Each structure stands twice: as structure tokens, then as C-alpha cells.
1. Write down Rg/Rh for region B:169-323, rounded to two decimals, with Rg from the C-alpha atoms and Rh from the Kirkwood relation over Cα pairs.
2. Looking only at other chains, what is the average number of their beta-carbon atoms within 10 angstrom of each beta-carbon in B:284-296?
3. What per residue convex hull volume, in Å³, comes out for chain B when only alpha-carbon positions are used?
4. What percent of all Cα-Cα pairs in region A:225-274 falls in each 10 Å bin, counting up from 0?
5. Between the helical axis of B:545-561 and the dominant principal axis of chain B, each derived from Cα atoms, what acute angle in degrees is found, rounded to the nearest 10?
6. For the pair residue B:348 and residue B:193, how long in nm is the line joining their label points, each one 7 Å along Cα→Cβ?
7. Find the relative contact order for chain A and round it to a whole percent, using C-alpha pairs within less than 8 Å whose residues are 6+ positions apart.
8. What whole-number distance in Å separates the alpha-carbon centres of region B:104-151 and region B:192-230?
């Protein structure tokens, strides 16, 4: 196991370097520049723009800029945003709580819905419950989040006036704070959660179906064990192995944020940071966020593989 | 528009009418805006001629004590990314900074100066303005304190000049500070010195480029270290609200400043400026759900705004600016490459250089439809004047939509319709590429113009470029608007700067955008005229604002009559305001120019 881990980590390093080179090159070749807005303002003389470009080293050749960036990254200096002149790591840390809260809760909500529904649907395949669950999950993952988001806003904010639709800092204390936080976050969390739950339900259902018809389950029932014990202790444990790895692979997505939902509800997450950085050509921010994302993907892939090998005794790792 | 643009004599007679009360100040200012001037310049014309006072009258304010108004929630769909006014790029940063920082004076909606950190507005009577136009003396308001308790003095004002003028600081306000000298006369008086007579003196320390930062917190962070100052992210100003929190691109929060230098202000206890999202949902949050009290710059179609207003919680407010959505006509040939650049000064456009074609195009833009079906209240087809003196209006207004007339002009010019319905002459067809940024109202406008042109035998190929690329200054990208690598293009030229001088740079010959200046020149159409150059140079040096205005009107008129540009609609600033919130919007300054005076009617 140790050797396997070491091997994987060693392979990870060149792949991450490769990713960073590709990212950097694509950004350098992309049109648009971070100081474009300055160009449209007649009051700002071109010298200011050139001074800024020189200061941020934007006119150096690509490979030089890349090595500057790499050297800084290795030393822990994630760079400096062009648009807001603030450290990139401060920027990301500011956005992290909202991202983890909204999107993390959405994942948890998704699991809380998907697991019971999927298991029960698989226990009684083709029953009305199963048919209903399958239909709803089809509908759920076919409807894009911007559609469901707008629908929710229309119903709950505009027509019923129950919930605010702009996610912001809550200006209250004590349990009122919790109440206000709940009110403003329930819509983005549900939109995302339901979308995730839809696809996860199908997956859980098919995983449980695979296991539930195996011989040892019949044996367990024949032994006289109650249905609940059979399902929870024998079926679920084995069926969920692939589901666990699936969830582990989806973890990086939490950090990438949910760009569309964040735009609609104005959740200050990492996804909206990435989008606004891309639109304003803020290279350091884009590099930092996408590089972190790439590292997380590599890391969680490794975790998923190791977890799978650990949970399933039939698998041996290389 | 008008038969003949007013010259200096005509302007003086209009001013005389304001003086004797037959023409209101507001109508005069509106007419000047229609001629391509700005409200501040028009106000200056009136002040100089004694028809008005330089200082704006204070606006009505009802609350009788400071605070108690609860939270003020504002929504900017482009969030503020930095809070140092000298680094501000675009109004979102200026507005975020304006919550905490203040200039010496601001522009009110009619273009008059409103003193904020100044004790009074300098003019000829109080000897604030020197007669030779080479200096201005500002008296500062006594007893003003920074948020950390230190006193505001002339040293701070002088420091701002030193800070902004240094190219190493890379301040975006440098243009207002690099050609002046500022000296301290005493603790509460500063003098700004110009080396040439400067007609437009109200640039440094005024309005959005004039916010003042504290010397004692920034003195150690000048030149190369300017970006390291911790105060960049935690502003300490003189404004009505003190800093609480800032998340770039997302949220700015402030709380009431109990030591604010104007009594009974501000009304609100806290302010929150949230950023992100899009314009329609920003309008919705104020007009339909009432979650927010104010939202900025609503580039939304009017029919949507009208529907949202039915929610009954807020109203749409328009403030006049001089911004014009217009179509630019390329004077050079964008399809021929000379020395590695297209649309080069050395070429001439094969078909658009014929005045008949340009005249026809001007007649094919159906402004009324554009206003009625696309922009509504947010785009006005002609300048909106009330009281027009009869002798200036011609029976056929200049900006008309007339397809038959266009056909006639083209027929007379020798442009005959070919077999495919497209006109041609000497083997050259009237086929043009017409570009603009991606933006629903603009695409609809393009469609309207294309349809009309088809009826006249002109073929338009429509092109749209994503806004972040179109409006960038990327040298290598051929789709940016300064490159103008097509025949016609359209966008809004903003004129919410106080003085039209920099706006009119788009018509002078030395500003032609070209490869040699990395397409940073302001003259995008590449159209030049000796008369314009002479009028511009004369206007720059002219101290009498009336004469100066006459030169600027002449330039604007020449450009419009020669069809270097074809104006489509005027674009006022659009905001959504909660029904109970009382706000006086000025199109010549920041949305927050009057923030301490905002209150809610009970």
C-alpha cells in the first residue's frame, strides 16, 4: 500500500506541472487583457496602463512569466490579483466559507435524499415508489439549475414573498442570525442539492439492485435475520462501495463551486470568483483557483482509489 | 436636430434669456447637452455670464437627527473590486470608494458644484478663481476629521496631488493631477496652479477623480509600494460611513460615522453594497421584492422594467448624462492591409467616403423604433428639450428616418441596384460589416438597421463580439473597437466626465487610433478635418466658457453633419430606487455623490 501511494504521488507531480503549463499557455494566448477597462476611459493616459503592465510583468515573454509564477507558487506566494490588488490567497479564503457552506450543504442534502430513496426504490423495484422516484430523478437532472433556480425565485421570492433571493451577509445576532441564514440559503442549497440528488439516486438504486439479488443476501434472509438488518448490515455496506468512491470524486466539485447557481443567487463562492476573474482576464486568480482545483482532483482521485481498495477486499492495489 | 448649430452670438442670446427668466436653467442645460456639451460646462457658461451662481443650492432634507434609519442596502451588479479611489477602474470602484472618501466638491444633477470638503466654491467674486485662469484657491471646511479622529488639513490635499501625479504609483486619476502644481497656503487653504490658462479648473479634487485619501496612512506607501498599503483594503476617509468589511467583487459594508461633519447626517445606521449577478435580477430585487433599496446602472430593456415596477415596491429613475449610443462610420479601408495594419490612416474607404452613402445611412436608422421597441425610457431618440426657441427648430428635423429619401440620394449619387438588389457603382458594392458588442438591445438595433438598409439596397452583415473582448485594449486582437476592422460599429460613448474636451478628442487628427500608438488613440473613426483641429486647439486655450462652448459645438456639429458618426439614442443613467428612499441622482458624478443626504420618507 505504501509503495502504491508513493508511486501515485510521484506521478502526480509531473501531471500537475503539465496541467499548470497548459493552463498558463491557454490564458496567455486568450484574447482580452486585464487593463482593458482603462483603455476605454479617455481620462486615463496610456502611460498608466503601460506602467501597470510593466509592474505586473505582463510584457515579459511567456516562459519567463511562467517561471516567475511557478517559483512564487512553490514558495507559497499565490500571487496578486490584477483587478483588486489583493493577495490571491486572501481572496480565495474569503470565498471559502460561503462555498463550503452552500455547496457542501447541497452535497449533504443530496446524499440525505439519494440514499434512502435509492435504497428503498431498489428494495421494491418497479413498484409505484420506484417508478415515481425514477421519473422524478429524470426530471431532476434534466432541468438545468438556472431554470430551477429562477423557478424557485419566482415562486418563493416574488409570488409568495417568503424568502430573499440575494445571498448576503446577515446583519443579526443570536438565533435570529441562524434563521436569516437559513432563509437566504435554503433556495440555493435546494436547487443544487436536488439536482445532485437526482443523479445520485439513480446510481444508488442500481448499485443496491446489483447486490440485492446476490446469493448471500438470500442466505442472510434464510438465516432468519430481519429485513432491516439484512439491508443495512449486508446489502448497503457492499452496495455503497462504488457510491463512496463516486462521492469522493465529486468532492473537488464542491471547491469549484456551482457557477450558475452562484450567479443567480449572488452567492460569493469560488465559482463566481473564477468566472469574474476569467471575464476580467485576472490571470493570477484564474491560475491559482484552477491549479488548486487540479490538485484537489488529483488528490481525491487518489483517495477514491485507495478507499476503494480498502473497502473492497476483492481489490488489490498495484 | 437643428438647422444650424448655435454660434457664440446665439449662445450669448440664450444665456441672456436665462438671465431675464424667459428660459429656465434646466432647459438651457438640456439644450447644451443636445449639442454635445456637458451639464457642468453649460453651468459654467451660465455662472461666468452672471446668469447663475457657481454653487449649487442645497437639496431638501427632512430628518432632524443623525441615525435611526436602519440599514441601507444597495445592489451593484458589478461588485467593487478595490477601495482606493486613485486606482479605481470604472464606476463600480469609484462608487465603492465614495462611501468612505469625499472630494472637495461634487457635481449636482444640473452641473453646478456642490461643496463637500470645501468651505465654499471658488469663483471670481470670492477671489477663488484667478482672472488669468492660472490658479484656483480652495478654502477647506474647518473641523473635519478622518474616521480615525485625526484632523483633515491642507497637507492631505497636497499629498493626494503628489501621490496621484507620480507615474510610479500608476494611479488611474493621474490625468487630473499630472499637469498641475498644488501648494499649501495655510492649514485650511490650498492653491492649485496651472502653467497655462485653464478654462476647466474643476477637475483636480472634484467629483469621481477628486476623492481625498489621508496623508498619515498613505505617506509610507507611495510610488512602487502603493499597492501594499493596508488602508487600500480598509479605507479611512471623511465620509458619512465608516468602514466595516470588504470582500472584493462581493460586498462592501459600512456603519454610521457619528462624527460626520454635517449635522443630522447620515440617516441610515449601516450601508451594504452587494455586488455580482446580472442587471435584471438587480432590478427585480428593488422593484419587485423590495429586498434592496437601490440598484445601479440598469442596462435592462424598458418593457422588463415596466413589468417589474408593477410590483409597487420601487421606481426607475433616469439621470441625464451626455452618453450617446452611436454608429461609427469608418473613414479608412478595413479590408486592405498596409504595413501590417488594416483600417490604416493611409487608406480611404472605397464606398463610405462618398458622402451620399453616409447621408443615406443616416436616414436609414429608425431611431423612433429603437426608442419605442427597445430602449423605452432608457434611450431617447432626440435630445429632450422643453422650451425650444422657435427660430432654432427646422421643420424637418435633421434626424429623420426616410427610406425613400435614402433611395433617392443613392440613385442621384449613381449607385444603381444590381441583379441581387444591392447597389453598386464602378464595380464597388454597398456591402458592409456592422459590428457591436453582445448585448440584447444592441442586437435588436442591428436587426432594425439591417432591415431598413435592405429596402434601400444596402447589404449589412451583422457581427457581434463578446463585451470583455470588444472593450479591451488588447493589441493583438482584431475584434476590439479601437481596431475598427470593419465598416460600421456601434457602442455607447460615455460622457459623464464633467468636461467635453476629452470626449471630443475622438474627432481630432492627432488622436487617430493606429498601430503606431497601439490603437490607444481616441479617434476611432479615423475621420479628420482641419476645421475640427483648429476649433479644438482654439477651445483648449479659451478661457471664456461661452466662446469655448461655441468651438465645441462647432466640432460636434461638423462631425455629425459629415456623418463621421450617426447618433442613435441618448442613454441616461438608469437606477432603481425604493419608493420611500429619497435620492437626488446626478449623471455627472458618482451615484453616491450625495450619499449623506439620502433618507427614507416615513
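Bear in mind that the values in this text are calculations on the coordinates, not laboratory data. Predicted model only: the values in this text are computed from it and were never measured. Please note: Cβ atoms are built from the backbone with ideal geometry, for glycine as well, and neighbour counts cover all protein chains shown.
1. A ratio of 1.04.
2. Numbers: counts 6, 6, 0, 0, 6, 8, 2, 8, 3, 0, 0, 0, 0.
Whole-number average of other-chain Cβ neighbours for B:284-296 is 3.
3. Values: hull volume 93.2 nm³, N = 602.
Cα convex hull per residue, to the nearest whole number: 155 Å³.
4. Bins of 10 Å from zero give 24, 26, 21, 18, 11, 1 percent of pairs.
5. Roughly 30 degrees between the two axes.
6. Placing both labels 7 Å along Cα→Cβ, they lie 5.0 nm apart.
7. Numbers: 314 pairs, mean separation 82.2, N = 318.
That works out to 26 percent.
8. Value for the Cα centre distance between the two parts: 15 Å.
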